[in-house]
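J.: Can you read through this structure? Questions will come right after.
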Amino acid sequence: CLRRRSVGSSHCLKSLGSYWSSRMRITKLEVLALRGPKVARPHWTAHFVVPAGNELLVKMHTNTGITGFGLATSYTPLDPLIKPWKNGFADLIVGQNPLAPEKLYQKLFGLTTSKTASEKGWSREAMIRCSAAVDLACWDIMGKAANLPLYQMFGGYTDELPVYATCGYYRDGKDKEELRDELQMMKDQGHKSFKVKSGGLPLKEDIERLEFIRSVLGDDKDLMVDINRAWDLRTAMEGVRLLEPLKPRWLEEPVQWQDDRRGIKLLSQKTNIPISGGESEITSYGCRAMIEEQAIQILQFDCTMYGGFTEGKKLAALCEMNHVQVAPHHDCFIHAQLVASTPAGLILEAFTDPERDPMQAELFEDPPEIKDGKMKLPDKPGLGLTLSEAAVEKFGERIL
């Protein structure tokens, strides 16, 4: 009777919900490190290499037979994230109720200031990343227990979202012809919006590169520019002046890390180009500070890097109440559930170059289709995603 949604089934659903909410328990965890293949010519942002996939996969099993999964993303080696699973971290999770994700998240996040974590050598970053993956798995189970897609549980604002393609990376020996071919591949895939990397060359050369990119894309396509926190404030001030004729939809993380919140606030007062940021924060509190300082118009938190959906929901609500739009970093198939739930939801980020991110292309069986720059959300419960066991075996190293 769980799958019947008639009035006559309401008593059965209520009884099952009451039973599960009090009795469901996490019985087993499987943990795998997922790594994409090494690329002969790495993809660079302005100042660091982006790996071709680097995630921690947590599969969660329960005593009801319902399972869920979550991912933790990292641009740095996964070893610190792996270590806790080898010396006791899972013991803190098994036996807990996955239908109480807030409670479990607070318990795990609390380890960032815990003697236990310090004694065991668990880093703060590892606790932040691992708690996010566990939280996403709990919410996946929550949706499956309710037989609802998570975007409907979170608010159900829309069932279709625009998507943009991230591209235009720096690579050794990459010339204009190769750059044109990359952009054309993305256009041929049907994309309407494109985010490109910048900030890795002297400003004059980068602007010339962006002018070339705009000429290839055409004026009818959206262009977003990602500096990855490479510019000092003076360069950023000059950069926005030179960028304005190219009409970028937004300028992402334009100022160096050490004082970026104040820097982008000052920058936003000097330009009409919307400023975005948030992916490089490590907690939702850092994102809150960006919003409170009125530094950004678009927030790009990442639920697979910090907070999971438990904190992501709070940030989405905070954005809505402060007239800030939500465009999460990375993992479009996961973030779709949150972005579709809120009026603040703007767009999803996709990596559709299989060399740059083979996991997006292969990790899920029958993922939502990205067509003509849009994604229709799946109507399946929870995350609505099924892991490809072949891809997990191909990219995965079993940890637990």
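J.: Would you tally the residues in region 89-103 being among the β-branched types (Val, Ile, Thr) and open to solvent by 10 Å² or more (accessible area, probe 1.4 Å)? Step through it out loud before you land on a result.
T.: Within region 89-103, the subset among the β-branched types (Val, Ile, Thr) is 93-94.
Adding the requirement that they be open to solvent by 10 Å² or more (accessible area, probe 1.4 Å) leaves 94.
The number of residues fulfilling the criteria is 1.
J.: Check region 229-237 and report whether any residue there is among the acidic types (Asp, Glu) and under 26 Å from GLY308 (Cα atoms).
T.: From region 229-237, those among the acidic types (Asp, Glu) are 232; that's our starting set.
Now narrow it down to the ones that are under 26 Å from GLY308 (Cα atoms): none.
No - not one qualifying residue is present in region 229-237.
J.: If we keep just the residues of region 148-201 that are small (Gly, Ala, Ser) and farther than 30 Å from GLY68 by Cα, which is most open to solvent (accessible area, probe 1.4 Å)?
T.: Checked region 148-201; the qualifying residue most open to solvent (accessible area, probe 1.4 Å) is GLY173.
J.: Considering only residues of region 25-41 that are open to solvent by less than 70 Å² (accessible area, probe 1.4 Å) and at pLDDT below 95, which is nearest to ALA230 (Cα to Cα)?
T.: The qualifying residue nearest to ALA230 (Cα to Cα) is VAL39.
J.: A further question on this structure: So in region 55-88, with the set limited to residues that are free of Cβ contacts under 8 Å to residues at least 60 places away in the same chain and in contact with a strand residue (DSSP E or B) (Cβ under 6 Å, 6 or more places away or on another chain), which one is most open to solvent (accessible area, probe 1.4 Å)?
T.: Keep residues of region 55-88 that are free of Cβ contacts under 8 Å to residues at least 60 places away in the same chain, which gives 61, 63, 65, 75-81, 83-84, 87-88.
Still in the running and in contact with a strand residue (DSSP E or B) (Cβ under 6 Å, 6 or more places away or on another chain): 61, 63, 78, 81.
Details: HIS61: 49, ASN63: 88, LEU78: 3, LEU81: 1 Å².
The extreme case among them is ASN63.
J.: I'd like the full set of residues that are among the basic types (Lys, Arg) and under 20 Å from ARG262 (Cα atoms), limited to region 217-231. Step through it out loud before you land on a result.
T.: So in region 217-231, the residues among the basic types (Lys, Arg) come out as 221, 229.
Hit for region 217-231 is ARG229, nothing else.
J.: Return the pair list, or none, for Cβ contacts closer than 8 Å from residues in region 355-376 that are without any contact (Cβ under 8 Å) to a residue 40 or more places away in the chain and under 19 Å from LYS192 (Cβ atoms) to residues that are of a type in the set (Lys, Arg) and open to solvent by 40 Å² or more (accessible area, probe 1.4 Å), at least 6 apart or on different chains.
T.: PRO368/LYS376; GLU369/LYS376
J.: Consider region 256-289. How many of its residues are closer than 24 Å to THR73 by Cβ and either modelled with pLDDT under 95 or open to solvent by 10 Å² or more (accessible area, probe 1.4 Å) (or both)? It would help to see each step written out before you state the result.
T.: Our first condition is that a residue be closer than 24 Å to THR73 by Cβ; within region 256-289, this holds for 256-258, 260-261, 264, 275-289.
Keeping just the survivors that are either modelled with pLDDT under 95 or open to solvent by 10 Å² or more (accessible area, probe 1.4 Å) (or both) gives 256-258, 260-261, 279-285, 288-289.
Selection size over region 256-289: 14.
J.: Shifting gears a bit: How many residues, within region 117-150, are in a helix (DSSP H, G or I), more than 15 Å from the chain's Cα centre (by Cα) and farther than 22 Å from ASN63 by Cα?
T.: Of the residues in region 117-150, 8 are in a helix (DSSP H, G or I), more than 15 Å from the chain's Cα centre (by Cα) and farther than 22 Å from ASN63 by Cα.
J.: Name the strands (runs of 3 or more DSSP E) wholly inside region 18-89 in which the number of residues that are of a type in the set (D, E, K, R) is 2 or more. Before the answer, list the steps.
T.: Numbers: elements: 26-35, 54-62, 67-73.
Per the criteria, 26-35, 54-62.
J.: Against the definition (touching a residue at least 60 places away in the same chain (Cβ under 8 Å) and open to solvent by less than 10 Å² (accessible area, probe 1.4 Å)), how does LEU299 come out, yes or no? Give the derivation first.
T.: Values: touching a residue at least 60 places away in the same chain (Cβ under 8 Å): no; open to solvent by less than 10 Å² (accessible area, probe 1.4 Å): yes.
No.
J.: On the given criteria, is ASP357 closer than 24 Å to PRO37 by Cα and crowded, with 21+ Cβ neighbours inside 10 Å? Give the steps one after another, and end with the answer.
T.: Numbers: closer than 24 Å to PRO37 by Cα: yes; crowded, with 21+ Cβ neighbours inside 10 Å: yes.
Spelling it out, ASP357 is indeed closer than 24 Å to PRO37 by Cα and crowded, with 21+ Cβ neighbours inside 10 Å.
The values are calculated or read from the model by the stated rules, or taken from the named source; none is laboratory data. Model, not experiment: these values are computed from the prediction. We place every Cβ from the backbone using ideal geometry, glycine too, and count neighbours over all the protein chains shown. Accessible surface is based on the protein model in full, side chains and every heavy atom, while ligands, DNA and RNA are left aside. Shrake-Rupley method; radii C 1.70, N 1.55, O 1.52, S 1.80 Å.
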